[in-house]
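J.: Have a look at this one before I ask anything.
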Amino acid sequence: MTLPRTELQADPTTPKARIYAMLDTDGDGIASRHDYFVRIDRAQRATGRGDDDPLVIAARATGEQAWAAMDANGDGVMTYEEYIAWVDAEKFDNICQYALGALFDLADADQDGALDRSQFTALRQALGNRADNADAAFDALDGDGDGLVSRAEYLASIRAYVTGEDSPMGAALY
């Protein structure tokens with residue numbers, strides 16, 4: 001994991017540092033607009049959806065809203081300092097969950113509100129999560145063992161991780 005370029009001493013094991021490193025898709029220490037939107041492009045390619053697919057359009061629209069909120073000064077980058085000052089439970093509830101939910105929906109091939117293991121793994125990889133722990137993350141979320149991870153479980157776990165609460169897949173997700 002590349003540590004963010006920062007004036008702060010970033011602990012790479014903290015949830016915010018892990019998420020920021022995942023957002024920095026090119027690993028240069030700064031999360032840029034390009035870094036953020038390449039994740040949507042990857043999810044689109046992984047699911048084989050076209051540019052005119054309503055779910056792709058929704059993912060891009062919610063991505064635009066999220067990026068505009070994260071890059072409040074409009075300079076095209078979100079530094080680690082900006083990110084840790086910005087992200088909290090309220091931002092997750094009002095902004096991030098919609099962008100992440102739209103990406104989940106892209107991966108949900110049958111639109112049943114749940115991902116099987118292969119859909120979950122494809123989404124994780126498209127978003128820049130580690131590939132070597134996809135099974136552990138899936139198993140942590142599939143609490144009832146039905147072979148599916150619901151949209152609600154997925155978003156609740158990410159919210160818990162971001163806000164420092166107990167997350168069933170915290171370390172395994174990132």
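The values are calculated or read from the model by the stated rules, or taken from the named source; none is laboratory data. Remember, predicted model here, so these are calculated numbers, not experimental data. Virtual Cβ from ideal backbone geometry, glycine too; neighbours counted across all protein chains shown. In case anyone asks, the SASA skips ligands and DNA or RNA and just uses the protein heavy atoms, side chains included. Shrake-Rupley method; radii C 1.70, N 1.55, O 1.52, S 1.80 Å.
J.: Have a look at ASP108, ASP93, ASP51, ASP88 and point out the one that is free of Cβ contacts under 8 Å to residues at least 40 places away in the same chain and of a type outside the set (Gly, Ala, Ser).
T.: ASP51
J.: Might you check whether a residue that is assigned to a helix (DSSP H, G or I) and farther than 28 Å from PHE138 by Cβ occurs anywhere in the range 103-122?
T.: No: the range 103-122 contains no residue that is assigned to a helix (DSSP H, G or I) and farther than 28 Å from PHE138 by Cβ.
J.: Moving to a separate point now. Collect the residues in the range 91-114 that are farther than 22 Å from ASP24 by Cα and surrounded by 18 or more Cβ atoms within 10 Å (Cβ to Cβ), keeping them in residue-number order.
T.: ASP105, ASP108, ALA114
J.: I'd like to check something: does the range 138-146 contain any residue that is open to solvent by 60 Å² or more (accessible area, probe 1.4 Å), of a type in the set (A, V, I, L, M) and outside any loop (DSSP other than H, G, I, E, B)?
T.: no
J.: Looking for whichever is within 13 Å of the chain's Cα centre (by Cα), open to solvent by 60 Å² or more (accessible area, probe 1.4 Å) and more than 20 Å from GLU64 (Cβ to Cβ) here; the options are ARG117, ARG124, ARG130. Which one fits?
T.: Criteria check complete, one pass: ARG130.
J.: Of all residues in the range 32-49 being closer than 22 Å to ALA107 by Cβ and open to solvent by less than 30 Å² (accessible area, probe 1.4 Å), which is farthest from the chain's Cα centre (by Cα)?
T.: Within the range 32-49, the match that is farthest from the chain's Cα centre (by Cα) is GLN44.
J.: Run GLN44 past the list (1) closer than 24 Å to SER118 by Cα; (2) in a loop (DSSP other than H, G, I, E, B) and report the number of the one that doesn't hold.
T.: So the condition that GLN44 fails would be (2).
J.: From the residues in the range 63-90 that are open to solvent by less than 30 Å² (accessible area, probe 1.4 Å) and either part of a loop (DSSP other than H, G, I, E, B) or of a type in the set (Val, Ile, Thr) (or both), which one is nearest to GLU165 (Cα to Cα)?
T.: Checked the range 63-90; the qualifying residue nearest to GLU165 (Cα to Cα) is VAL87.
J.: Does LEU155 satisfy the condition of being within 24 Å of ARG60 (Cα to Cα) and open to solvent by less than 40 Å² (accessible area, probe 1.4 Å)?
T.: It is true that LEU155 is within 24 Å of ARG60 (Cα to Cα) and open to solvent by less than 40 Å² (accessible area, probe 1.4 Å).
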